[in-house]
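Data first, discussion second: the structure below is written as structure tokens.
The values are calculated or read from the model by the stated rules, or taken from the named source; none is laboratory data. Keep in mind the model is a prediction, meaning the values are calculated, not measured. Neighbour counts run over all protein chains shown; Cβ positions are idealised from the backbone, glycine included. What goes into the accessible areas is simple: the full protein's heavy atoms, side chains included, and nothing from ligands, DNA or RNA. Shrake-Rupley method; radii C 1.70, N 1.55, O 1.52, S 1.80 Å.
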Amino acid sequence: MAIHSSSNQDSLSTGLLQLNEQFFILSDDSNKRAMPSYFNLPPLDVSNAFPQATPASVFPPCASDYFQFDDLLTPEEQAVRKKVRECMEKEIAPVMTEYWEKAKFPFQCIPKLAALRLAGGTIKGYGCPGLSILGSAVGTAEVARVDASCSTFILVHSSLAMLTIALCGSEAQKQKYLPSLAQFQTIGCWGLTEPDYGSDASALKTTATKVEGGWILDGQKRWIGNSTFADILVIFARNTSTNQINGYIVKKDAPGLTVTKIENKIGLRIVQNGDIVMKKVFIPDEDRLTGVNSFQDTNKVLAVSRVMVAWQPIGISMGIYDICHRYLKERKQFGAPLAAFQINQQKLVQMLSNVQAMFLVGWRLCKLYESGKMTPGHASLAKSWITLRARETAALGRELLGGNGILADFLVAKAFCDIEPIYTYEGTYDINTLVTGREVTGFASFKPVIAQKRSRL
């Protein structure tokens, strides 16, 4: 055993103990590790670190329209597709990885998104574009092809908040709110989901109590996209007099309203989801949505929004395929491009097959809606099946990119994560399956037998 004198111990503790100057230095006054200067260098730009393949910031041209789906679009719908595609590839793609990684919203992109004239979708008048349902859907897909978070931001704002006002609001409310929303001068969000009620949203507990001149809202909402910076919040609450669900327009600065961001998401990280708490929030009568008198009235909105949500994974899958198609041609191993290997071609063609089938299901869903024949079961089947295929496409893309398949720089890892919340929101895969199942069998199976028995007691 080595015996050290007190003076030796003091000199060790007060001086610098340098074990290896390349790695760390210990000091008694700071008791910290001082790393060498090269440990603080910024990471290499991915183009320099991996020059053999192009990152998603330089987005590839579309290669996924193998069955020439463009022929099924009208000239107006083709123009929407072209305009959105060009903007997303050139203006949005270069910045989205950075903001996704930070879980921040790129507010500087809002004017560029506003110029696309997608907000308001199918709404006619009030400064809205009045697109066909297919034109709006194609625009949604083209946004999602480059970034799913951007498409969710627009969908919540347009297909939920704006559409609720358009379908369920008074003429005065439409005139007051829709023009600025259509220009993204104001931002909207839509609050239905609660901490205790997700799939079972019709049982929501947020209350609306009638008072002189208006209503008092009390309750909590969760997972509300855009809510942390929205100017107006469309909120659903239970009327304490009728026990029915009503709708209200809440201003962001309403006393008693607080909104906080939900942190630590692994998907749609750019979307600012929030927890909304309302404590005796007063809403004037003029901001009561008179067209929402029961939970069934929300279905007018959800019928359209579910079509849009079904088109999000179509766009995401297009982007995954396009990135993988380019990557396999650029990346070489064993002296040949990855595209030359049979197993990679098989996976790529499976992805391409998925995209073609998803296109056609989405297209037919829009046509059913236009003709007035679309049922809740149709929309639910399309949404559930398309998101299932998108998950498979993302998993195959992850495999094809190898190590780069876990880097957001090459889109696929980001898309892999982003498809997960889309698989869940606007009805989980299972709930949407049960909606279609009820329609084709005539039997509702949402509640287990035990719950049904208890509800009768």
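With the structure loaded, tell me whether LEU396 is in a helix (DSSP H, G or I) and in contact with a Cys (Cβ under 9 Å, 6 or more places away or on another chain) or whether it fails that test.
Details: in a helix (DSSP H, G or I): yes; in contact with a Cys (Cβ under 9 Å, 6 or more places away or on another chain): yes.
Yes.
When region 35-92 is examined, which residues are found to be of a type in the set (A, V, I, L, M), open to solvent by less than 90 Å² (accessible area, probe 1.4 Å) and part of a loop (DSSP other than H, G, I, E, B)? Explain how you work it out, then say what you get.
Looking only at region 35-92, we keep the residues that are of a type in the set (A, V, I, L, M), and these are 35, 41, 44, 46, 49, 53, 56, 58, 63, 72-73, 79-80, 84, 88, 92.
With the extra rule that they be open to solvent by less than 90 Å² (accessible area, probe 1.4 Å), the set shrinks to 35, 46, 49, 53, 56, 58, 63, 72-73, 79-80, 84, 88, 92.
Scanning region 35-92 gives MET35, ALA53, ALA56, VAL58, ALA63, LEU73.
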Over region 129-140, the set of residues out of contact with any Ser or Thr (no Cβ under 6 Å at 6 or more places or on another chain) and either touching a residue at least 60 places away in the same chain (Cβ under 8 Å) or crowded, with 24+ Cβ neighbours inside 10 Å (or both) is SER132, LEU134, GLY135, ALA137, VAL138, GLY139
If you take the residues of region 193-204 that are part of a loop (DSSP other than H, G, I, E, B) and either among the polar types (S, T, N, Q) or in contact with a Gly (Cβ under 6 Å, 6 or more places away or on another chain) (or both), which of them is least open to solvent (accessible area, probe 1.4 Å)? THR193
Sort out which residues of region 269-325 are touching a Cys at 6+ places or on another chain (Cβ under 8 Å) and under 20 Å from ALA408 (Cα atoms), and write them in order of number. ARG269, ILE270, MET318, ASP322
Do we have PHE153 as in contact with a Gly (Cβ under 8 Å, 6 or more places away or on another chain) and either under 30 Å from ALA408 (Cβ atoms) or touching a residue at least 60 places away in the same chain (Cβ under 8 Å) (or both) here? yes
Across region 111-128, what is the total count of residues that are closer than 20 Å to GLY315 by Cα and open to solvent by less than 50 Å² (accessible area, probe 1.4 Å)? 8
Looking only at strands (runs of 3 or more DSSP E) that fall completely inside region 210-256, which ones have 1 or more residues that are among the small types (Gly, Ala, Ser) and more than 23 Å from SER170 (Cβ to Cβ)? 214-225
